[in-house]
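The values are calculated or read from the model by the stated rules, or taken from the named source; none is laboratory data. Everything quoted here is computed from the prediction, not taken from an experiment. Glycine also receives a Cβ, built like all others from the backbone with ideal geometry; neighbour counts cover every protein chain displayed. Only protein heavy atoms, including side chains, enter the accessible area calculation; ligands, DNA and RNA are left aside. Shrake-Rupley method; radii C 1.70, N 1.55, O 1.52, S 1.80 Å.
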Amino acid sequence: MNLRGMKDILPSEQRYWDFIFNRVQQFARDYGFQRIETPILEAASLFTRSVGTETDIISKEMYAFVDQGGEKVALRPEGTAGVTRSYIEHGMLNQPQPVKLFYYGPMFRHDRPQAGRQRQFWQYGFEIIGEQNAVMDAQLITMSYKFYAELGLAIQIEINSVGCQQCRPGYLKVLTGYLKNIKKDLCEACQVRLLKNPLRVLDCSEKGCQDLMVGAPQILDHLCNECKDHFVLVLEYLDELEVKYNLNAKIVRGLDYYTKTAWEIFELGRDGQQEALGGGGRYDSLVQQLGGRATPAVGFACGIERAIARFKTNDIAVSPVYAPQLYIAQLGLEARKKCLRLYETLLRKGYTVAESFSKSSLKDQLELANKLGVKYSLIIGQKEMVDGTVLIRDMESGNQEVVDFNKIQDYMAKLLSAEVRNGRVDD
Ligand code: AMP
């Protein structure tokens, strides 16, 4: 048995993963992002310093341990901290700014496993480091919207501003005052949050707390002018690009490093507890917090398993299953040798070919060819060896034709290009 909350990604699922990875790469090309991969294992302090010790991700969910060298390390719970560390470590601030990076890989959180929540899950993420202009926020929000909306999902962006180091402390004071008055009515977890991370009371999933939060002071009323102007501009750009969004005071994101814009991506109209497909925000103080020069940044990350679940329930067509065009069947040792060579030749010519050279029975081999859905099988048995021919079997009609072995490549080229013309080959 594998560990709880850890899942195998089986061959039958891979077309969804390929589809998402290809789409991520396409978006990266379209918007000018370069790929970065950082180690899965980092110093635990990287995450405590950036995400914050009072967040669930760090205080409860981080896989942290002391390694053989006595160093406290952790499996990354998210991608932004590692990318920011790398930006600083490799002097990327000396490159033309902003630096636009994307990543794709597994993250780890020791959460309670349930539908849409695993302990190892995959994320793709896009980060823009080195630019404070609100147009960057809008571009990333648009990307996160388009990624799903263009496929036909009804996507809603829930957006908020969480202010900055100038205006947030003032708001936290007002919020804490409000929460203290209703402390006894809050759930147990929120009574702790009130002391350690009061913003998180706003996005508590308990119905009782949610009802109490309706009357809570809203951060948008407490933003400094700079944060207010920034937020208004982001919304103006989104209106220009016709991205649907909803102002939502509950979007505070779990992590300490967020400043100004924060957003989450939801599919509209799903019953029950809504799970975000992704989320993002601006993190203008993180680079400095991790020892770099003060550098503004903004980014978002999306969960791949959750995206796949939505694609399935919405019947989104993804890449077709790999289907070889040809199958090579052989009978007898000499024929097998000849077929081994033919196989290599056909691969070199760019055909997709299947085989089962370890099998001896022609019946078994043709059964497999049928299962794979190939158009043609190329068969060489003892008679074909003697005659220097190949038997070509149309797997749909069952018709067979004898072709001179030396002419096989020309013959296949003609046959398959006719297939393409007749629209029978779907690539
Ligand atoms: P977060 O940074 O926590 O908002 O995560 C961004 C996205 O990653 C979420 O919107 C989910 O799609 C995905 N995600 C986060 N945690 C998990 C989890 N435990 N299991 C599966 N997906 C997750």
- Just a yes or no: is a residue in the stretch 65-73 open to solvent by 40 Å² or more (accessible area, probe 1.4 Å) and either touching a residue at least 60 places away in the same chain (Cβ under 8 Å) or within 16 Å of the ligand (Cβ to nearest atom) (or both)? no
- Message: Please go through the stretch 315-332 and give me each residue that is touching a strand residue (DSSP E or B) at 6+ places or on another chain (Cβ under 8 Å) and surrounded by fewer than 18 Cβ atoms within 10 Å (Cβ to Cβ), ordered by number.
- Response: Pro324
- Query: Quick one: is Ile157 within 13 Å of the ligand (Cβ to nearest atom) and open to solvent by less than 10 Å² (accessible area, probe 1.4 Å)?
  - Reply: yes
- Query: surrounded by 14 or more Cβ atoms within 10 Å (Cβ to Cβ) and either over 44 Å from the mean Cα position of the chain (by Cα) or of a type in the set (S, T, N, Q) (or both): does that describe Glu355?
  - Reply: no
- So, in the stretch 290-309, of the ones that are in a helix (DSSP H, G or I) and open to solvent by 30 Å² or more (accessible area, probe 1.4 Å), which residue ends up farthest from the ligand (Cβ to nearest atom)? Ala309
- Name every residue in the stretch 13-24 that is free of Cβ contacts under 8 Å to residues at least 40 places away in the same chain and touching a strand residue (DSSP E or B) at 6+ places or on another chain (Cβ under 8 Å), in order of residue number. none
- Of all the strands (runs of 3 or more DSSP E) wholly in the stretch 1-109, which have at least 3 residues that are over 24 Å from Asp137 (Cα atoms)? 41-43, 64-66, 72-75
- Task: Can you tell me which residue within the stretch 129-154, out of those that are among the small types (Gly, Ala, Ser) and open to solvent by less than 10 Å² (accessible area, probe 1.4 Å), is farthest from the ligand (Cβ to nearest atom)?
- Result: Ala134
- Selection from the stretch 179-202 of residues under 25 Å from Gly52 (Cα atoms) and open to solvent by 50 Å² or more (accessible area, probe 1.4 Å) yields Lys180, Lys183, Glu188, Gln191, Val192, Arg193, Leu195, Lys196, Arg200
- Residue match in the stretch 233-254 (condition: touching a Gly at 6+ places or on another chain (Cβ under 9 Å) and more than 30 Å from Met62 (Cα to Cα)): no
- Picking from Asp30, Asp56, which residue would you name as being open to solvent by 10 Å² or more (accessible area, probe 1.4 Å), out of contact with any helix residue (DSSP H, G or I) (no Cβ under 6 Å at 6 or more places or on another chain) and under 30 Å from Leu151 (Cβ atoms)? Asp30
- Query: Is it true that some residue in the stretch 260-273 is away from the ligand (no atom under 14 Å from the Cβ), on the phi > 0 side of the Ramachandran plot and open to solvent by less than 20 Å² (accessible area, probe 1.4 Å)?
  - Reply: yes
- Query: Inside the stretch 314-326, can you point out the residues that are farther than 23 Å from Lys349 by Cβ and either within 15 Å of the ligand (Cβ to nearest atom) or aliphatic (A, V, I, L, M) (or both)?
  - Reply: Ile316, Ala317, Val318
- Query: Does any residue in the stretch 263-289 that is closer than 11 Å to Ile155 by Cβ and at pLDDT below 95 come within less than 6 Å, Cβ to Cβ, of a residue that is assigned to a helix (DSSP H, G or I) and within 15 Å of the ligand (Cβ to nearest atom) six or more places away or on a different chain, and which pairs are these?
  - Reply: Glu267/Arg310
- Item | Pairs where the first residue, in the stretch 116-145, is over 22 Å from Thr295 (Cα atoms) and the second is away from the ligand (no atom under 16 Å from the Cβ) and acidic (Asp, Glu), C-beta under 9 Å, 6+ apart | Met143/Asp30
- Message: Please pick out the residue among Phe121, Phe126 that is in a strand (DSSP E or B), within 16 Å of the ligand (Cβ to nearest atom) and over 23 Å from Leu241 (Cβ atoms).
- Response: Phe121
